[in-house]
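Each remark here refers to the structure printed beneath this line.
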Amino acid sequence: GQQVMQIPQYQHVQEGEDFTTYCNSSTTLSNIQWYKQRPGGHPVFLIQLVKSGEVKKQKRLTFQFGEAKKNSSLHITATQTTDVGTYFCAGPWGGSGNTGKLIFGQGTTLQVKP
Amino acid sequence: DGGITQSPKYLFRKEGQNVTLSCEQNLNHDAMYWYRQDPGQGLRLIYYSQIVNDFQKGDIAEGYSVSREKKESFPLTVTSAQKNPTAFYLCASSQGSANYGYTFGSGTRLTVV
């Protein structure tokens, strides 16, 4: 069946270091979405990428969508303690979005040491 | 402010009891979803609904039931048939397809005692 995989599962960094999480889908996706869940909180939508090779930035966060639309990455420059949490990628079930449901990756949990 | 409200925040259930988790949204979203999250794990889809009076099973629907009588409301019942119900339950809504981002509620933590 369709899978969305994220690596690494956990990452511990020193404050100020960079961080990257990778997301790979078994099928081509019409879009990829990223969410952040703070400890004890709920997932919050960060961004959606739609175009092949698309790159979007939100302050210190850089999101990329692969040329084949099967992989994506989230890079955080100079991490801060406020970046702590679990980052999930998600893509449409069936690849196209018509089913209305997303399949989520397992998430990457980021810990930042001050 | 528009959003999704889940209640209660914490819920304790005795074995053999059915419990109902509430989810209400005022975003005028067509689609609503229920996910289960276990410690250190991702999100698993229980049920979803793209339109009033219609819903579909997700990956782990056994032991759960839902209704969608109103656009704003999508309650989830955890029945006694659910063998391991202790988890964090998240409700979400979207404009109707998976081409739009989800808005999540703040979740309900269910514990079986």
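Check B:R44, B:R68 and return the single one that is within 17 Å of A:I103 (Cβ to Cβ), surrounded by fewer than 21 Cβ atoms within 10 Å (Cβ to Cβ), within 14 Å of another protein chain (Cβ to nearest Cβ) and without any contact (Cβ under 8 Å) to a residue 40 or more places away in the chain. It would help to see each step written out before you state the result.
On the way: B:R68 fails: within 17 Å of A:I103 (Cβ to Cβ).
Every option except B:R44 fails the conditions.
In this structure, does A:K69 turn out to be basic (K, R) and within 30 Å of B:Q56 (Cβ to Cβ)?
Numbers: basic (K, R): yes; within 30 Å of B:Q56 (Cβ to Cβ): yes.
So A:K69 fits the description; yes.
Would you point out which residue out of A:Q11, A:Q48, A:Q6 is crowded, with 20+ Cβ neighbours inside 10 Å, modelled with pLDDT of 95 or more and either touching a strand residue (DSSP E or B) at 6+ places or on another chain (Cβ under 8 Å) or within 13 Å of A:G91 (Cα to Cα) (or both)? Step through it out loud before you land on a result.
Numbers: A:Q11 fails: crowded, with 20+ Cβ neighbours inside 10 Å; A:Q48 fails: crowded, with 20+ Cβ neighbours inside 10 Å.
From the options A:Q11, A:Q48, A:Q6, the qualifying one is A:Q6.
Kindly indicate which of A:G53, A:G85, A:G100 is more than 16 Å from the chain's Cα centre (by Cα) and on the phi > 0 side of the Ramachandran plot. Steps first, answer last, please.
Numbers: A:G53 fails: more than 16 Å from the chain's Cα centre (by Cα); A:G85 fails: more than 16 Å from the chain's Cα centre (by Cα).
Step by step, each of A:G53, A:G85, A:G100 is checked, and only A:G100 is more than 16 Å from the chain's Cα centre (by Cα) and on the phi > 0 side of the Ramachandran plot.
More than 9 Å from chain A (Cβ to nearest Cβ), more than 12 Å from the chain's Cα centre (by Cα) and not hydrophobic (A, V, I, L, M, F, W, C): which single residue out of B:T86, B:T77 fits that description?
Details: B:T77 fails: more than 12 Å from the chain's Cα centre (by Cα).
One residue alone meets the criteria, B:T86.
Restricting to segment B:89-113, name every residue that is of a type in the set (V, I, T) and more than 17 Å from B:I46 (Cα to Cα). Reasoning before the result, please.
First, pick out the residues of segment B:89-113 that are of a type in the set (V, I, T): B:103, B:108, B:111-113.
Residues satisfying the conditions are B:T111, B:V112, B:V113.
When you check B:S93 against the structure, is it buried (at least 21 other Cβ atoms within 10 Å of the Cβ), of a type in the set (G, A, S), more than 9 Å from every other protein chain (Cβ to nearest Cβ) and touching a residue at least 60 places away in the same chain (Cβ under 8 Å), yes or no? Before the answer, list the steps.
Working: buried (at least 21 other Cβ atoms within 10 Å of the Cβ): yes; of a type in the set (G, A, S): yes; more than 9 Å from every other protein chain (Cβ to nearest Cβ): yes; touching a residue at least 60 places away in the same chain (Cβ under 8 Å): yes.
Yes, satisfied.
Residues are listed down the side, and each one gets a yes or a no for (1) polar (S, T, N, Q); (2) more than 15 Å from the chain's Cα centre (by Cα):
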| position | (1), (2) |
| --- | --- |
| A:G1 | no, yes |
| A:V4 | no, no |
| A:Y10 | no, no |
| A:V13 | no, yes |
| A:E17 | no, yes |
| A:S26 | yes, yes |
| A:W34 | no, no |
| A:P39 | no, yes |
| A:V44 | no, no |
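Could you tell me whether A:Q48 is among the polar types (S, T, N, Q), under 14 Å from the mean Cα position of the chain (by Cα) and within 14 Å of chain B (Cβ to nearest Cβ)? Break it down stepwise before answering.
Details: among the polar types (S, T, N, Q): yes; under 14 Å from the mean Cα position of the chain (by Cα): yes; within 14 Å of chain B (Cβ to nearest Cβ): yes.
Judged against the criteria, A:Q48 is a match.
Go through the residues of segment A:88-101 one by one and say whether even a single one is within 11 Å of another protein chain (Cβ to nearest Cβ) and among the charged types (D, E, K, R).
Of all residues in segment A:88-101, those within 11 Å of another protein chain (Cβ to nearest Cβ) come to A:88-101.
Next, from what is left, pick out any that are among the charged types (D, E, K, R): A:101.
Yes, that holds for at least one residue.
Scan segment A:7-25 and give yes if some residue there is closer than 17 Å to B:N99 by Cα, hydroxyl-bearing (S, T, Y), touching a residue at least 60 places away in the same chain (Cβ under 8 Å) and within 14 Å of chain B (Cβ to nearest Cβ), otherwise no. Break it down into steps so the answer makes sense when it comes.
In the first step, residues of segment A:7-25 are kept if they are closer than 17 Å to B:N99 by Cα; the result is A:25.
Filter again for hydroxyl-bearing (S, T, Y), leaving A:25.
This time we only want the ones that are touching a residue at least 60 places away in the same chain (Cβ under 8 Å), so: A:25.
If we keep only those that are within 14 Å of chain B (Cβ to nearest Cβ) too, we end up with A:25.
Within segment A:7-25, one or more residues are closer than 17 Å to B:N99 by Cα, hydroxyl-bearing (S, T, Y), touching a residue at least 60 places away in the same chain (Cβ under 8 Å) and within 14 Å of chain B (Cβ to nearest Cβ).
The values are calculated or read from the model by the stated rules, or taken from the named source; none is laboratory data. If you're wondering where the values come from, they're calculated on a predicted model, not measured in any experiment. All Cβ positions, even for glycine, are placed from backbone atoms using ideal geometry, and neighbour counts span all protein chains on display.
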